[in-house]
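Heads up: the structure comes next, in structure tokens.
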Amino acid sequence: MMQGLSGMESKLMKRLWFAAILAASVTACVEGNNPVQLVSAIPLSPENCDLGSVSLIKGTLNFNAGTSYRMAFTLFSPLETATGGTANPVGFYAEEVLLSYETKNPKVSLSDESTPIYFAVPAGADASESYIQVNLIGSEARKKLDTAVPTAPDFMTVLATVKLKGKLPSGKQVETNEVTYPIDITRDRGCEAGSVPVQADPEGAPCGYPGQDLFFNTFNCVPAGG
């Protein structure tokens, strides 16, 4: 195919082909290699519901006080720096939260779950400013755990794996990385029949979720439906 070209022309053609291949590989890396990434697991501040300042490496949940586990994940997007800027301020449109599970002590089979969402992540999102809160215990998982969670002092561990699925402004479907977060769950002190747990001080700690982490046994009981 190179027959008839001078040596200089041949070298120039090879350089152009190499440059084209390199440019294609850079674009594929930006588009396909997690354009938005879940980074740290940081709970919301109980006092004002803003992003807290300390990461948690694992969670605890008193299933007698709360059957949900809410965690904020910081978000990072390399899209802006990788593409040299973009006219669209949005880099990623999140459309689904995908959850999968593994459990230990005892082993329980929990189905994968998907929840539709709408959430836009700016191109070049900074993990110190961008985050999303996710309930890591889906509705179907909650039903199965109801009969499986042991009584204190025994705990079971739920390894909840979460990722977001969505699209780029171009319409291309992409996903974030997967994050697996462990939650130790037990049944400790709860409310008597006919009453339900609520936040101990809703005005002082609107995001102090009953049964979760610091609020493992910090809650009040009120009549059910009251």
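Cβ separations smaller than 9 Å between residues 6+ apart or across chains give the following pairs from the stretch 51-66 residues that are in a strand (DSSP E or B) to residues that are open to solvent by 60 Å² or more (accessible area, probe 1.4 Å) and of a type in the set (A, V, I, L, M, F, W, C): Thr60/Phe155.
Conditions (1) without any contact (Cβ under 8 Å) to a residue 40 or more places away in the chain; (2) within 26 Å of Cys49 (Cα to Cα), marked per residue:
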| residue | (1), (2) |
| --- | --- |
| Leu145 | no, no |
| Ala148 | no, no |
| Leu164 | no, yes |
| Ile185 | no, yes |
| Gly190 | no, yes |
| Val198 | yes, yes |
| Pro206 | no, yes |
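Within the stretch 118-129, being without any contact (Cβ under 8 Å) to a residue 40 or more places away in the chain and part of a loop (DSSP other than H, G, I, E, B) holds for one residue alone: Glu129.
How many residues are among the aromatic types (Phe, Trp, Tyr) and open to solvent by less than 30 Å² (accessible area, probe 1.4 Å) when one looks only at the stretch 202-226?
Narrowing the stretch 202-226 to residues among the aromatic types (Phe, Trp, Tyr): 209, 215-216, 219.
If we keep only those that are open to solvent by less than 30 Å² (accessible area, probe 1.4 Å) as well, we get 219.
Residues meeting the conditions: 1.
Among the residues of this structure, Asp154 does not count as one that is farther than 30 Å from Pro35 by Cβ, among the acidic types (Asp, Glu) and surrounded by 14 or more Cβ atoms within 10 Å (Cβ to Cβ).
Could you tell me whether Asn48 is open to solvent by 10 Å² or more (accessible area, probe 1.4 Å) and out of contact with any Cys (no Cβ under 7 Å at 6 or more places or on another chain)? Against the criterion (open to solvent by 10 Å² or more (accessible area, probe 1.4 Å) and out of contact with any Cys (no Cβ under 7 Å at 6 or more places or on another chain)), Asn48 qualifies.
In the set (1) within 30 Å of Ala94 (Cβ to Cβ); (2) touching a residue at least 40 places away in the same chain (Cβ under 8 Å), Gly138 fails one condition alone, (2).
Using the structure shown, decide if Ile132 is on the phi < 0 side of the Ramachandran plot, among the aliphatic types (A, V, I, L, M) and part of a strand (DSSP E or B). Break it down into steps so the answer makes sense when it comes.
Values: on the phi < 0 side of the Ramachandran plot: yes; among the aliphatic types (A, V, I, L, M): yes; part of a strand (DSSP E or B): yes.
Judged against the criteria, Ile132 is a match.
Provide a single number: the residues in the stretch 98-133 that are among the basic types (Lys, Arg) and either surrounded by 16 or more Cβ atoms within 10 Å (Cβ to Cβ) or closer than 25 Å to Ser55 by Cα (or both). Reasoning before the result, please.
Let us first name the residues in the stretch 98-133 that are among the basic types (Lys, Arg), namely 104, 107.
Next cut, either surrounded by 16 or more Cβ atoms within 10 Å (Cβ to Cβ) or closer than 25 Å to Ser55 by Cα (or both) only: 104.
Result for the stretch 98-133: 1.
Selection of first residues in the stretch 28-42 that are under 20 Å from Phe119 (Cβ atoms) and of second residues that are at pLDDT 90 or above and basic (Lys, Arg), restricted to Cβ pairs under 8 Å at least 6 apart or on distinct chains, gives the following pairs, ordered by first then second residue: Glu31/Lys172; Leu38/Lys163.
Restricting attention to the stretch 176-212, the residues that are acidic (Asp, Glu), modelled with pLDDT under 95 and either part of a strand (DSSP E or B) or under 20 Å from Leu61 (Cα atoms) (or both) total 2.
Going through the stretch 135-173 one residue at a time, which ones are basic (Lys, Arg) and part of a strand (DSSP E or B)?
Lys163, Lys165, Lys167
The values are calculated or read from the model by the stated rules, or taken from the named source; none is laboratory data. Just so you know, these numbers come straight off a predicted model, no measurement behind them. Using ideal geometry, Cβ is built from the backbone for each residue, glycine included, and neighbour counts are taken over all protein chains shown. Surface accessibility is based on the protein's heavy atoms, side chains included, excluding ligands, DNA and RNA. Shrake-Rupley method; radii C 1.70, N 1.55, O 1.52, S 1.80 Å.
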